[in-house]
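Participant: Supplied in structure tokens, the structure appears directly below.
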Amino acid sequence: MPEKLEPNAFVTAAAHGPILDVRSPGEFQQAHIPGAISFPLFTDEERARVGTTYKQVNKDAAVELGLEFVGPKLAKWVKKAKKLAVDNTVYVHCWRGGMRSGSMAWLLETAGIQVKLLEGGYKAYRNFVLSKFEETIPLRVLGGKTGSGKTEILLEMQRRGVQVVDLEGIAHHRGSAFGHLGLEPQPSSEHFENILASQLMQMDYAKPIWVEDESRHIGKVFMGSSFYDQLRDAPVLFLDIEAQYRLPHLVDVYAHYPKEDLAQAIDKIKKRLGGDHYKNAHEALEAGNFAEVAAITLHYYDKAYVHGLENRATEKIQRLVVDTCEPIQQTNAVMAHPLFINNR
């Protein structure tokens, strides 16, 4: 019989071997355990047909139909699993730890492969992930208006050994209407949480964990309240950088994208910009005056960020005036600030 492991033990042990997710491709695409391999027992269509048969006929008929689907695939699964196994061991799960993972475990163990099962399946794993956000997380927040280079600073801090979680990196989005440009498609909010929890599990909670200040939405990703409330309540180091330093940085980041993509991004904030600003932004874009486009949109984003900052507790905010957007110099200033020094 395969050994069954609780989610924490399963994820820890599976760091040394492959996780085979036997749910359907659609379930896997929606969200999965980070690092898992899609190893579906059924295609999406097959899963739907088995489920319909179970509901409309009975369990026995559904099982028989399932056997028809899986029969021709057995040898292929064994060969693939043997190639993936580490020390002849694989880690298997389905949605609830039921027939799909049990059937795959029986097959692979019959073929001589050692199998460890996730007790309760992916559903139990999700409950485990959500419980991680209920723990007290020692967050420190790097804030600043759009174009301050916060992500670059955090990545430089990470290179220097500071504990950092790049929320925008996980979300594949920089947070503004332009934030998707040049990046991979965004994960679901559920998968964002899975990756975030996975990274937090690798952190030492005796030391601060630095993140960027974010709204609850990062593009299409929506942060759950348990983590977001902690982010909003954490101490903030606010980078006070004048627009004259931030504008060139924004131009460097975005000006090389196609004009039609930039125009679509401007369209997304048409109502917030107002008619005149919207028109002027498009005219500047057409003329290739990217600095003017950045200045017009920056006016809106600055107001929005200041409004969000005002909703934080004043005593939680410390300011750092910086007159550059050069990441090395900025990082030196951040790591010399008392909020950083006193919380190492």
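Participant: Identify all aspartates and glutamates with a Cα-Cα distance to Lys259 below 13 Å; exclude those on the same chain that are fewer than 8 residues away in sequence.
Facilitator: Asp267, Glu283, Glu286
Participant: Ok, one more. Given H placed 1.01 Å from N in the peptide plane, which residues other than close sequence neighbours of Asp240 have an amide H under 5 Å from its amide H?
Facilitator: Long-range HN contacts for Asp240: Leu320, Val321, Val322.
Participant: Picking from Glu168, Glu326, Glu119, which is most flexible by a Gaussian network model of the chain using Cα springs under 10 Å?
Facilitator: Answer for the Gaussian network model of the chain: Glu326.
Participant: Moving on. Need one number: % antiparallel among DSSP beta bridges in the stretch 1-146, to the nearest 5.
Facilitator: Bridges in the stretch 1-146 that DSSP calls antiparallel: roughly 10 percent.
Participant: Work out from phi, with θ = phi - 60° and the Karplus expression 6.51 cos²θ - 1.76 cosθ + 1.60, the ³J(HN,Hα) of each residue of the stretch 186-203, listed in order in whole Hz, and give x for Gly and Pro.
Facilitator: 6, x, 5, 4, 5, 6, 4, 5, 4, 5, 4, 4, 4, 5, 5, 4, 8, 8
Participant: Work out how much length Val78 to Lys220 would gain on full extension: take 0.36 nm times their residue separation and subtract the Cα-Cα distance, in nm to one decimal.
Facilitator: This chain segment gains 47.3 nm when fully extended.
Participant: Hey, another quick one. Net charge near Glu109, counting Lys/Arg +1 and Asp/Glu -1 over other residues with Cβ under 12 Å of its Cβ?
Facilitator: That works out to 0.
Participant: Output the peptides 24-33, 257-266 sorted from most to least packed, where packing is the average of other Cβ atoms within 10 Å over each peptide's residues.
Facilitator: 24-33, 257-266
Participant: Over the heavy atoms of Met335, what accessible area does a 1.4 Å probe trace out, to the nearest 10 Å²?
Facilitator: 50
Participant: Could you work out the equivalent-ellipsoid semi-axes for the stretch 53-125, taking the square root of 5 times each eigenvalue of the Cα gyration tensor, largest first, in whole Å?
Facilitator: Rounded to whole Å, the semi-axes are 24, 17, 8.
Participant: Over the chain, with every protein chain in place, what whole percent of the accessible area is carbon and sulfur at 1.4 Å, could you tell me?
Facilitator: 51
Participant: What is the helix-to-structure angle for 59-70, meaning the angle in degrees between its Cα long axis and the longest Cα principal axis of the chain, kept from 0 to 90 and rounded to the nearest 10?
Facilitator: Value to nearest ten degrees: 80.
Participant: Looking at this model, which pairs from Lys145/Lys316; Lys123/Lys207; Lys59/Lys79; Lys4/Lys76 are more than 20 angstrom apart at the alpha-carbon?
Facilitator: Listed pairs above 20 Å: Lys123/Lys207; Lys59/Lys79; Lys4/Lys76.
Participant: Could you tell me which residue out of Val57, Ala31, Ala81 lies farthest along the dipole of the stretch 1-100 toward its positive end? Charges go on the beta carbon: Lys and Arg +1, Asp and Glu -1, centred on the Cα centre.
Facilitator: Of Val57, Ala31, Ala81, it is Ala81.
Participant: Determine the distance separating the Cα centre of the stretch 48-90 from the Cα centre of the stretch 231-280; give it in Å without decimals.
Facilitator: 50
Participant: Computed FRET efficiency, Cβ-Cβ of Met335 and Glu242, R0 22 Å: what is it to the nearest 0.05?
Facilitator: 0.55
Participant: With bins 5 Å wide starting at 0, give me the P(r) of the stretch 124-266 over every alpha carbon pair, in whole percents.
Facilitator: Taking every Cα pair in the stretch 124-266, the percentages come to 2, 9, 18, 22, 20, 14, 8, 5, 2, 0, 0.
Participant: Roughly how compact is the stretch 235-344, stated as its Cα Rg over 2.2 N^0.38 Å to two decimals?
Facilitator: So the Cα radius of gyration is 1.27 times the expected 2.2 N^0.38 Å.
Participant: Suppose every Lys and Arg Cβ carries +1 and every Asp and Glu Cβ carries -1, with no other charges. What dipole size does the chain come out with about its Cα centre, to the nearest 20 debye?
Facilitator: 860
Participant: Next question. Select from Ala13, Tyr205, Gly97 the residue farthest towards the positive end of the dipole of the chain; place +1 on Cβ of Lys and Arg, -1 on Cβ of Asp and Glu, and compute about the Cα centre.
Facilitator: Gly97
Participant: Round to the nearest 0.05 the FRET efficiency obtained for Lys303 and Tyr257 when R0 = 25 Å and r is the Cβ-Cβ distance.
Facilitator: 0.55
Participant: Ranked from the most accessible area to the least, with a 1.4 Å probe and all protein chains present, what is the order of Glu109, Glu3?
Facilitator: Glu3, Glu109
Participant: If a paramagnetic tag sat 7 Å from the Cα of Glu6 along the Cα-Cβ line, which residues of the stretch 122-144 would have the backbone N under 17 Å from that point?
Facilitator: Only 122-135 fall inside the zone, counting backbone N under 17 Å.
The values are calculated or read from the model by the stated rules, or taken from the named source; none is laboratory data. No experiment lies behind these values; they were computed from the predicted model shown. Using ideal geometry, Cβ is built from the backbone for each residue, glycine included, and neighbour counts are taken over all protein chains shown. With ligands, DNA and RNA removed, areas are computed over all heavy atoms of the protein, side chains included. Shrake-Rupley method; radii C 1.70, N 1.55, O 1.52, S 1.80 Å.
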